[in-house]
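Everything on this sheet refers to the single structure shown next.
Please treat every number below as a calculation from the coordinates, not as lab data. Because the structure is a prediction, the values reported are computed rather than measured. Cβ coordinates were reconstructed from backbone atoms using ideal geometry, including for glycine residues, and neighbour counts include every protein chain displayed.
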Amino acid sequence: MMRVRLTVNGRPREADDVWEGESLLYVLRERMGLPGSKNACEQGECGSCTVRLDGVPVCACLVAAGQAEGREVVTVEGLAPEGELSAVQKAFIDAGAVQCGFCTPGLLVAADELLDREPKPADADIREALSGNLCRCTGYEKIMDAVRLAAARRSAEPEGDRA
Ligand code: FES
Ligand code: FES
């Protein structure tokens, strides 16, 4: 058993009595009350649990909680201030890219990271950034539309005014 301290969505958090081998996903969902990251395959195959660890998208089900000690985690709950939607979240809704929604949190985190890194992504960049995120419902075309829309809207906004 150990104590793990990390920063989650900009706030210092800690979890006690974490057992060896417990995943970051479990800690976020079950100990920190952040159920946005979804738990589907628990094998790093579906991307529904995607979070950013020191900025980099990872499958939280594959990261041992102890590996996150002292690091910075951003979950889907941290993409926008509480009660608001980020540009990417709005675009997913407007483009009809959410059906059952199970894949959506992971896709949002991955898409957000892409747009931070590459504000005007080519379709190949979008496909690559989202290649670890499986969606059974949409056939991906609406997800592509959503990311293109978010990119277009973000680049139309004045600098410093971005959600
Ligand atoms: S639950 Fe982590 S990749 Fe599927
Ligand atoms: S919307 Fe259902 S899995 Fe993607």
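Think of it as helices only: each DSSP H run of n ≥ 4 in the chain is worth -39500 (n - 2.57), and spread over all residues that comes to -8500 deg cm²/dmol at 222 nm.
Of the GluC sites (Glu not before Pro) in the stretch 54-163, the ones in a loop by DSSP (not H, G, I, E or B) with at most 14 other beta carbons within 10 Å are E69, E82, E84, E159.
With all projection directions averaged, the alpha carbon convex hull of the stretch 2-78 covers 4.2 nm². About the centre of its Cα atoms, the chain shows a dipole size close to 220 debye [charges on the beta carbon of Lys, Arg (+1) and Asp, Glu (-1) only; nearest 20 debye].
Take each peptide in 105-112, 130-137, count the other Cβ atoms within 10 Å of every residue, and average; sorted highest first, the result is 105-112, 130-137. Angle of helix 141-156 to the longest C-alpha principal axis of the chain, folded into 0 to 90 degrees and rounded to 10: 80°. When the Cα convex hull of the stretch 87-161 is projected onto planes of every orientation, the mean area is 4.4 nm². Per 10 Å bin, what percent of the C-alpha pairs of the chain does each bin hold, from zero upward? The distribution over the chain is 11, 41, 33, 13, 2, given as percents.
Pull up the cross-link candidates among the lysines for K38, meaning alpha carbon to alpha carbon under 20 Å and not fewer than 8 places away within one chain. The reachable lysines, counting only those whose Cα sits under 20 Å from K38, are K90. Computed extension length for A152-C41: 36.7 nm, one decimal, from 0.36 nm per residue of separation with the Cα-Cα distance subtracted.
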